[in-house]
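The structure under discussion appears below in the form of structure tokens.
All of the numbers you see were taken from the coordinates with simple rules; none came from a lab. Everything numeric in this text was worked out from a predicted model, so none of it was measured. Here Cβ is always computed from backbone atoms with ideal geometry, including for glycine, and neighbour counts include all displayed protein chains.
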Amino acid sequence: MTYLVTGAAGFIGAALAKRLLDEGNRVVTIDNLSTGIKGNIPAGCEFIFGNTYDPDILKQLDAYKFDAIFHIAGQSGGVTCWDDPLYDMNSNITSTLLLLDYAKRSGCKTFVYASSMSVYGDENPCPVREGDALEPKTFYAVGKIASEYYMRIYSQQYGIKCTALRFNNVYGPGQNMENLRQGMVSIYMAYAIKDRHIPVLGAKNRYRDFVYIDDTVEACVLASRGKEPALYNVYTTATNRKTTCEQLIEIIRKNLPFDFTVTYEGNTLGDQFGIFCSYEKIYNALGWEPKVSLEQGIKIMADWALKAVKPGEQ
């Protein structure tokens with residue numbers, strides 16, 4: 001099989017591309033290296049440098065015939081979307097539309113998209129489910145919703161099987177520990193290792209739902225191979241577990257060989273206060289469920305991070 005995985009220089013895209021390559025498939029990626037690292041792209045993955053919203057870059061895809069497209073690339077967080085809303089729109093909406101149109105032209109009938117739990121906002125009772133209200137609080141979340149709606153229309157009008165996966169907080173080895181604006185687990189762990197201090201923006205009782213990277217990749221693969229009768233499907237990848245910032249930090253503390261201090265102050269523009277989600281729908285449709293507990297995942301990640309991250313001056 002031949003696959004397009006956009007964003008394979010990034011955390012999730014690299015892990016997905018490696019999984020597909022390990023299975024013996026051919027994998028192509030497009031990445032602009034804005035936050036990803038070229039060295040993250042797995043060996044054997046064919047690399048096209050550029051923006052996924054650039055029509056001239058997408059013309060290079062005409063040399064391939066893809067069995068499925070995994071659109072993982074994009075401006076990757078609610079925090080950074082405020083820096084440049086136009087870039088956020090292009091990378092998270094225009095890119096999806098252009099790739100969907102490419103799928104239509106090229107005859108690719110499977111499209112999997114990395115959406116986000118941010119589309120739900122804060123107004124729904126937890127655990128949140130796919131049919132609950134969409135209440136975006138950031139440009140980033142608006143982009144994810146818009147992309148989902150484009151996918152629905154392309155499914156209805158052109159017969160492309162489109163699946164949106166609303167990822168909860170993904171973490172694990174390979175996460176960018178230098179990016180201190182995206183990824184709650186990686187941010188806290190990087191601060192703890194480098195500075196022996198974690199400055200938390202927001203209250204200690206804010207909460208999230210954390211999903212290990214291997215479980216997230218498995219959801220992507222299952223979504224591309226699912227046999228659901230509907231052409232358009234939306235699933236939330238989650239653990240149905242509420243973990244506060246304070247609880248997360250204590251799990252990190254237990255897995256590092258030194259202590260650190262913590263402060264809670266300030267806030268992040270557009271941040272969700274708390275969310276955790278049900279995975280009942282994706283379990284019933286695709287048989288997906290989280291296999292790695294937060295305690296297991298943090299231990300694995302801490303062992304990796306202690307080797308990958310250089311401590312700062314103490």
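By how many nm would the segment from Leu201 to Gln296 grow when fully extended, if each residue of separation counts as 0.36 nm and the alpha-carbon distance is taken off?
Net length gain for the segment: 31.6 nm.
Between Lys227 and Lys65, what length in nm is gained on full extension when 0.36 nm per residue of separation is reduced by their alpha carbon distance?
In short, 56.2 nm is gained.
What are the extents of the Cα atoms of the stretch 114-248 along their three principal axes, listed from largest to smallest and rounded to whole Å?
Result, largest extent first: 54, 31, 25 Å.
What does the charge count near Ser106 come to, summing +1 for each Lys or Arg and -1 for each Asp or Glu among other residues with Cβ under 14 Å from its Cβ?
+2
Ordered by residue, what ³J(HN,Hα) values in Hz, to whole numbers, does the stretch 15-20 give under the Karplus form 6.51 cos²θ - 1.76 cosθ + 1.60, where θ = phi - 60° and Gly and Pro are x?
Values per residue, Gly and Pro as x: 5, 5, 4, 4, 4, 5 Hz.
Under the rule a/c < 1.5 gives rounded, and otherwise a/b versus b/c splits prolate from oblate, where does the stretch 242-297 land using the Cα gyration tensor?
oblate
Taking neighbour counts of Cβ atoms within 10 Å as a proxy for exposure, in what order, fewest first, do Leu98, Leu33 appear?
Least crowded to most crowded, the residues run Leu33, Leu98.
May I ask you to give the average projected area over all directions of the convex hull of the Cα atoms of the stretch 1-77, in nm² rounded to one decimal?
4.6 nm²
How would you rank Thr80, Thr261, going from fewest to most other Cβ atoms within 10 Å of each one's own Cβ?
Thr261, Thr80
By counting other Cβ atoms within 10 Å of each Cβ, how are Lys281, Lys254 ranked from fewest to most?
Lys254, Lys281
Kindly identify the stretch 103-185 as rounded, prolate or oblate by the Cα gyration tensor criterion: order the square roots of the eigenvalues as a ≥ b ≥ c, call it rounded if a/c is under 1.5, otherwise compare a/b with b/c, prolate if a/b is larger, else oblate.
oblate
List the extent of the Cα atoms of the chain along each of their three principal axes, largest first, rounded to whole Å.
Computed over the Cα atoms, the extents are 55, 41, 37 Å.
Under the classification rounded if a/c is under 1.5, otherwise prolate if a/b is larger than b/c and oblate if not, where does the stretch 191-314 fall, given a ≥ b ≥ c as square roots of the Cα gyration tensor eigenvalues?
prolate
At 222 nm, what value in deg cm²/dmol follows for the chain if DSSP H runs of at least 4 each add -39500 (n - 2.57) and the sum is divided by all its residues, to the nearest 500?
Calculated at 222 nm, the ellipticity per residue is -10500 deg cm²/dmol.
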